[in-house]
Amino acid sequence: MAELTYRDAVARGIAQEMSRDADVVFLGEDVAKAGGVFKATVGLLEQFGPLRVRDTPISEQAILGAAMGAAMTGLKPIAEIMFSDFIAVCFDYLANEFSKSRYMTNGQVKCPLVVRTGNGGGSRFGAQHSQSVENWCMMIPGLKVVAPSTPRDVIGLLAAAVRDPDPVIFFEHKSLYATKGEVEDGEIVDALGTAKIVRAGSDATILALALMVPRALAAAEKLKAEHGIDCEVIDVRSLVPLDTQTILRSVASTHRLFTVEENPRLCGWGAELVSIVADEAFYHLDGPPVRITTPHIPLPAADFLEDMAMPTVDRICGTVRRSLQA
Amino acid sequence: MRFGPCPRRQPCYNSAGQAYFMAKTLTQTAVSLRATPDDVDVQLRLKLYRMLVEIREAEQRAYDLFLQNLVKGTSHLSLGQEAVAAGYGAAMEPGDLSFCTYRGHAHTLARGVPIEKVLGELMGRDIGLLRGKGGSMHLTSVEHGVMGSYAIIGAHLPIACGSAWRAQYKGAKDVSVCFFGDGTTNIGAFHEALNLAVVWKLPVVFVCENNLYMEYTPIGEVTSVEHPAADRASAYGLESIVVDGQDADAVYRSAKEALDKARAGGGPSLVEYMTYRYSGHSRADPAKYRPAGELDDWRENRDAIKIYRQRMLDNGIAETQIAEIEQDARRKVDEATEKCKASPAPPLEILCTDVYADGGWAWRN
């Protein structure tokens with residue numbers, strides 16, 4: 001057991017998979033010699049050499065296209081898109097190419113690849129380097145979408161993503177890179193499509209993802225200490241495949257549902273989850289499901305404004321308390 | 001034997017210090033090509049001609065079936081452009097991989113995919129290559145090395161780079177060949193892929209078929225240079241090469257040279273083939289934007305099949321042998337058509353299969 005940062009967990013996770021399987025290769029901008037702009041891939045070039053760990057030009061289409069071509073002909077590439085906002089310049093590959101190739105070719109073409117990308121706000125980078133765009137990807141048939149919140153989950157879910165035969169987009173949260181967590185020694189392999197109850201509770205279910213998980217947990221502790229409200233917090237971890245059973249079971253026991261989403265409100269992932277709960281657990285609910293989200297705005301750069309935009313511990317607390325007391 | 005670049009006054013130099021020349025006009029290139037001695041062996045000649053006429057017959061049949069409302073949706077024909085697909089089909093080794101565009105029937109057939117699999121896919125029948133799940137624009141046959149037909153312009157150039165990277169990493173000897181049109185040269189992915197291919201020295205051949213029109217607009221009206229691919233080659237330190245795309249021998253020779261170079265570790269090539277599309281961009285396009293007489297001129301004087309037929313006669317191949325190939329192609333297309341007509345629609349069970357690797361479409365538990 002050792003304490004590891006989320007950042008170091010990324011490098012350990014990639015190294016674990018590259019050591020295991022010579023078909024795993026890694027490419028992206030500044031990932032090799034520089035060790036990544038977030039220093040999340042330090043040491044991989046030295047360990048695995050320049051043919052397997054490749055610096056690319058600033059060419060996001062070339063990165064994802066090359067990853068696809070390598071995947072469909074036998075490799076298992078991990079591609080890095082530095083900031084998830086940049087997915088917009090290579091969205092064709094996510095939306096049209098490797099997500100659809102298996103279906104369109106009647107199962108002939110397989111694309112086992114992972115796209116890793118730095119997602120989310122809190123770094124004061126402004127509207128084009130701070131977004132949470134997991135919902136952009138969640139709607140695409142054929143893609144899998146994962147977003148870990150702890151160093152242990154980074155390793156375990158990254159390993160699961162690399163071993164998965166489908167294309168997976170892996171959202172690392174930029175504001176979590178410096179956070180630490182206990183990680184056991186040896187190989188760690190988790191399972192996609194498994195949500196995790198990170199705090200048991202009886203009064204309400206709070207669903208959260210990535211950076212919103214520690215905030216939801218802090219809010220739950222505060223609600224318990226200050227108001228005696230006992231919340232169950234679920235780290236959704238994987239939007240596709242989605243562990244609806246864990247969520248539905250929790251709602252059936254707490255009877256209230258909250259989602260904490262960093263994405264702007266319209267078509268955020270919470271909307272889909274609320275719709276599933278409304279369809280399948282409506283009669284378990286004692287009140288309307290409530291979504292706590294960033295408003296429908298581009299993220300501002302100034303720290304004060306950005307902090308006001310994203311869901312905070314206080315906003316989560318206030319919203320849950322008011323809803324339960326209404 | 002040298003094909004391609006005609007010398008201009010001043011050579012350019014690539015990063016390795018090698019001299020190369022900007023592309024000149026097709027006429028000069030074509031004349032020099034036709035002047036080369038006959039170095040194509042008879043069996044290869046027959047094979048090339050068979051491919052040319054089979055592609056022509058199959059594409060013509062696709063058009064006829066569309067008129068009969070048996071081909072639905074859209075289709076983009078290679079009528080007039082057969083020689084590029086045939087030349088590469090003949091030059092590529094069995095393990096080499098093709099990456100095609102939505103105008104990819106010809107390139108798919110040229111790798112040996114049965115005609116009924118292609119026509120069946122166009123017709124949305126169960127016999128189709130993809131059982132109707134892909135359609136005309138996505139023809140793929142991994143077993144024949146046809147790694148897909150891509151309908152988003154430019155998308156497959158980086159994909160071909162990735163395939164070539166795999167070959168390089170694995171020490172495999174296959175070459176990835178990427179076909180695209182003149183219009184593709186104006187999209188970003190084209191430039192990203194060329195740069196990456198050169199920087200990584202990948203075993204990939206980029207094949208530009210310049211049919212003079214991007215879709216409806218003449219390529220020259222929207223492109224900064226005369227030769228949309230060849231004149232950009234120098235930006236990537238590549239040789240500027242223009243080849244007569246109506247001459248199957250010229251295509252074959254240039255393909256062979258580019259493939260050999262890639263296989264030997266010499267890195268990528270970009271070759272621009274001058275050709276002409278007899279039909280419109282897609283089935284919805286009557287191609288009224290072409291100047292009067294242009295189509296007739298190409299059909300009369302630059303038709304790939306006419307050129308090749310004459311060359312075979314000039315080289316002593318008997319008229320009867322040629323006619324036999326032509327009849328055989330027509331018969332094969334007729335038989336394929338009947339098989340397709342007899343094939344049922346794809347079954348409903350496949351509607352939701354193969355979205356994910358478990359064979360199904362489940363996104364939740």
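The values are calculated or read from the model by the stated rules, or taken from the named source; none is laboratory data. Treat the numbers as computed from the prediction; the structure is a model and nothing was measured. Neighbour counts are summed over all protein chains in view; Cβ atoms, including those assigned to glycine, are modelled from backbone coordinates with ideal geometry. Each accessible area value is taken on the protein alone, full model and side chains, heavy atoms only, with ligands, DNA and RNA left out. Shrake-Rupley method; radii C 1.70, N 1.55, O 1.52, S 1.80 Å.
Of all residues in region A:95-115, those satisfying the criterion of being buried (at least 21 other Cβ atoms within 10 Å of the Cβ) and either modelled with pLDDT under 95 or among the hydrophobic types (A, V, I, L, M, F, W, C) (or both) are A:Phe98, A:Met104, A:Val109, A:Cys111, A:Leu113, A:Val114, A:Val115.
Taking the criterion of being touching an Asp or Glu at 6+ places or on another chain (Cβ under 9 Å) and either free of Cβ contacts under 8 Å to residues at least 24 places away in the same chain or of a type in the set (S, T, N, Q) (or both), the residues of region B:306-317 that qualify are B:Lys306, B:Leu313, B:Asp314, B:Asn315. Just one of the numbered conditions (1) outside any helix (DSSP H, G or I); (2) in contact with a Phe, Trp or Tyr (Cβ under 9 Å, 6 or more places away or on another chain) is not true of A:Gln61: (1). Kindly evaluate A:Met82 against the criterion of being under 16 Å from B:Ser149 (Cα atoms) and either at pLDDT 95 or above or out of contact with any Leu (no Cβ under 6 Å at 6 or more places or on another chain) (or both). No. For region A:27-45, the criterion of being part of a strand (DSSP E or B) and touching a residue at least 40 places away in the same chain (Cβ under 8 Å) is met by at least one residue.
The residue that is least open to solvent (accessible area, probe 1.4 Å), counting only those in region B:332-365 that are outside any loop (DSSP other than H, G, I, E, B) and within 14 Å of another protein chain (Cβ to nearest Cβ), is B:Ile350.
On the basis of being surrounded by fewer than 16 Cβ atoms within 10 Å (Cβ to Cβ), out of contact with any Pro (no Cβ under 8 Å at 6 or more places or on another chain) and either within 14 Å of chain A (Cβ to nearest Cβ) or assigned to a helix (DSSP H, G or I) (or both), does B:Glu257 make the cut? No.
Check region A:64-74 and report whether any residue there is facing chain B (nearest Cβ under 9 Å) and in a loop (DSSP other than H, G, I, E, B). Within region A:64-74, one or more residues are facing chain B (nearest Cβ under 9 Å) and in a loop (DSSP other than H, G, I, E, B).
Among the candidates B:Asp328, B:Asp303, B:Asp296, B:Asp285, single out the residue that is surrounded by fewer than 17 Cβ atoms within 10 Å (Cβ to Cβ), touching a residue at least 40 places away in the same chain (Cβ under 8 Å) and over 19 Å from B:Gly220 (Cβ atoms). Before you say what the answer is, go through the steps one by one.
Details: B:Asp303 fails: surrounded by fewer than 17 Cβ atoms within 10 Å (Cβ to Cβ); B:Asp296 fails: touching a residue at least 40 places away in the same chain (Cβ under 8 Å); B:Asp285 fails: over 19 Å from B:Gly220 (Cβ atoms).
The conditions single out B:Asp328.
For region A:200-219, the count of residues that are β-branched (Val, Ile, Thr), within 14 Å of chain B (Cβ to nearest Cβ) and either at negative phi or surrounded by fewer than 24 Cβ atoms within 10 Å (Cβ to Cβ) (or both) is zero.
When region A:163-194 is limited to residues that are of a type in the set (Val, Ile, Thr) and farther than 24 Å from A:Pro77 by Cβ, the one that is farthest from the other protein chains (Cβ to nearest Cβ) turns out to be A:Thr179.
The residue pairs whose first member lies in region B:116-133 and is part of a helix (DSSP H, G or I), whose second member is of a type in the set (Asp, Glu) and surrounded by fewer than 22 Cβ atoms within 10 Å (Cβ to Cβ), and whose beta carbons are closer than 8 Å, counting only pairs six or more residues apart or on different chains, are B:Glu116/B:Glu335; B:Gly120/B:Asp126. Comparison of B:Ala318, B:Ala323 shows that the only residue that is open to solvent by 30 Å² or more (accessible area, probe 1.4 Å), aliphatic (A, V, I, L, M), modelled with pLDDT of 95 or more and over 27 Å from B:Cys208 (Cβ atoms) is B:Ala318. Only one entry in B:Gly128, B:Gly120 is open to solvent by less than 10 Å² (accessible area, probe 1.4 Å) and in contact with a Pro (Cβ under 8 Å, 6 or more places away or on another chain), namely B:Gly128. Applying the criterion of being out of contact with any Pro (no Cβ under 8 Å at 6 or more places or on another chain) and assigned to a loop (DSSP other than H, G, I, E, B) to the residues of region B:222-244, the residue that is farthest from B:His191 (Cα to Cα) is B:Glu226. The set of residues in region B:86-109 being open to solvent by less than 10 Å² (accessible area, probe 1.4 Å), hydroxyl-bearing (Ser, Thr, Tyr) and in contact (Cβ under 8 Å) with a residue 60 or more places away in the chain consists of B:Tyr88, B:Ser98. The set of residues in region A:197-212 being free of Cβ contacts under 8 Å to residues at least 60 places away in the same chain and not charged (D, E, K, R) consists of A:Ile197, A:Val198, A:Ala200, A:Gly201, A:Ser202, A:Thr205, A:Ala208.
The numbered conditions (1) in contact with a strand residue (DSSP E or B) (Cβ under 6 Å, 6 or more places away or on another chain); (2) within 13 Å of chain A (Cβ to nearest Cβ); (3) not in a loop (DSSP other than H, G, I, E, B) are all true for B:Val84 except (2). For region A:89-102, a residue qualifies if it is free of Cβ contacts under 8 Å to residues at least 24 places away in the same chain and either under 19 Å from the mean Cα position of the chain (by Cα) or within 16 Å of A:Glu134 (Cβ to Cβ) (or both), but none of them does.
Filtering region A:65-79 to residues that are touching a strand residue (DSSP E or B) at 6+ places or on another chain (Cβ under 8 Å) and open to solvent by 10 Å² or more (accessible area, probe 1.4 Å) leaves A:Met72, A:Thr73, A:Lys76. Of all residues in region A:4-25, those satisfying the criterion of being in a strand (DSSP E or B) and either in contact with a helix residue (DSSP H, G or I) (Cβ under 6 Å, 6 or more places away or on another chain) or at pLDDT below 95 (or both) are A:Leu4, A:Val24.
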